[in-house]
Amino acid sequence: MATPDVIYQSDTRFVKAMNSPRLNPLNPSPRETQESLKRSFAKYLAADVGSQAVGKLFDPSKHLAFEEPKHIHTMEDLGYSATSGVSPIAVSEPFHLFSEEAVNIMREEVLSKEVQEKYSYTSDIAPKQIRGYAPKYGKFIFEAWKHPKILAIMSKIAGVDLVPVMDYEIGHVNMSVPGNKVNYDSNALISEEDEKAIVGWHRDSYPFVCVLMMSDTTNMVGGETALRTGTGEIKKVRGPAKGCAVVLQGRYIDHQALQAFGGQERITMVTSFRPRSPRIRDDTVLTTVRPISNLSDLYGQTIEYQLENAESRIRDMLKNVRDAMKAGSTNVPSIKSFLDFEIQTFKKLNGEFVEEHLVPKGHLAEVCQEAAKRKKTE
Ligand SMILES: [Fe+2]
């Protein structure tokens, strides 16, 4: 199976990795990260990506229009440690991903009457979001984001092998109300009070996101993603044009989507990803999604993938223990590290399942307040 150039674990390192409070034993130097970024996309994408396409609607020869990002910013470029997240990569510049035809098919699925009526959510930080409609009402969208070629592209850019977090998070859509055109300098360094956000300051619930632009941006100004660097400065990444995307390690970087002006619609599709390996630590929370989700689907799919990952780790550990017993030994530090990791993982996970009657629908302002508070204390 193909693996990305920057990866943290292999199975054989697992027991050793367990001794780390963070399941993240390798620490790539900035030079190693840069060298990994330079390695050929073509070579990587041509490799066996280790999974099957899920259907026949998405055809890469027609629907993929990938062009390598011109630049990928590392966590260290933004003033964070290379190991603060699950990858040393922070964010890509916008890159072409899907053909016009593909985006138009996606738009048809998202804008269909059933999806608009049954899957729309509103919150105090975003006016309209569409969630949880795939695969039932979004077969093409579902196939696209599950396609091995798309996963290979996401993984190569992110510097870690990725899969969609869960089906429920495939194709989340943000729709913004048109604003008025204003004089606007997209190159200026901004202060936090300067510009209006369509989604306020926050960190995502999941490690990586890919944000795809689904609207024509010809007359659009604004619409960038603002990132707060490790030193507290604000950096803006240009908004993508139709069919283009940005990959961001959003769980570990405070960010906000800035309002676009130009009197036109702005529809973006956000698909969330997690490391494919169950041996890489999972800092997933549900804080930004719980109030805008069908909790039965969200909770069911969250516990399902977490149990699958735990099952895989337990099987590996069981094999290690049996092998050790055959050799007449017992590795106590390894057993304790394993148990510590599982206890921590399940304890954290337990806190994410909040009884439905205690979840305030559409209330996300507190999540933004926490991000704002972090600015003052870090
Ligand atoms: Fe976000």
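Taken together, the values in this text are just the output of simple stated rules run on the coordinates, not laboratory data. The structure displayed is predicted, hence computed values, not measured ones. Neighbour counts are summed over all protein chains in view; Cβ atoms, including those assigned to glycine, are modelled from backbone coordinates with ideal geometry.
For the pair Thr231 and Ser329, what calculated FRET efficiency results from E = 1/(1 + (r/R0)^6), where r is the Cβ-Cβ distance and R0 = 51 Å, to the nearest 0.05?
Taking R0 as 51 Å, the efficiency between Ser329 and Thr231 is 0.55.
Collect residues whose amide H, placed 1.01 Å from N in the peptide plane, falls under 5 Å from the amide H of Ala90; neighbours closer than 5 in sequence don't count.
For Ala90, the qualifying residues are His73, Thr74, Met75.
Could you give each residue of the range 307-320 its phi-based ³J(HN,Hα) in whole Hz, using Karplus coefficients 6.51, -1.76, 1.60 with θ = phi - 60°, and x for Gly or Pro?
Once rounded to whole Hz, the list reads 5, 4, 5, 5, 4, 5, 5, 5, 4, 4, 5, 4, 5, 4.
Given H placed 1.01 Å from N in the peptide plane, which residues other than close sequence neighbours of Gly79 have an amide H under 5 Å from its amide H?
The list, which skips near neighbours in sequence, is Gly230.
So who's got an amide H within less than 5 Å of the one on Asp161, skipping anything under 5 residues away but keeping other chains? H placed 1.01 Å off N, in plane.
The list, which skips near neighbours in sequence, is Arg276.
Taking square-rooted eigenvalues a ≥ b ≥ c of the alpha carbon gyration tensor, is the range 82-140 rounded, prolate or oblate, where a/c under 1.5 means rounded and, failing that, a/b exceeding b/c means prolate?
Because a/c hits 1.5 or more and a/b fails to exceed b/c, the range 82-140 counts as oblate.
Using r as the Cβ-Cβ distance of Asp340 and Lys62, and R0 as 56 Å, what FRET efficiency do you calculate, to the nearest 0.05?
That pair, Asp340 with Lys62, gives E of 0.70.
Kindly flag which residue pairs out of Lys62/Lys242; Lys56/Lys136; Lys139/Lys361 have an alpha-carbon separation exceeding 18 Å in this structure.
Long pairs (Cα-Cα over 18 Å): Lys139/Lys361.
Ser312 to Asn219: extension gain in nm, 0.36 nm per residue of separation minus the Cα-Cα distance?
28.5 nm
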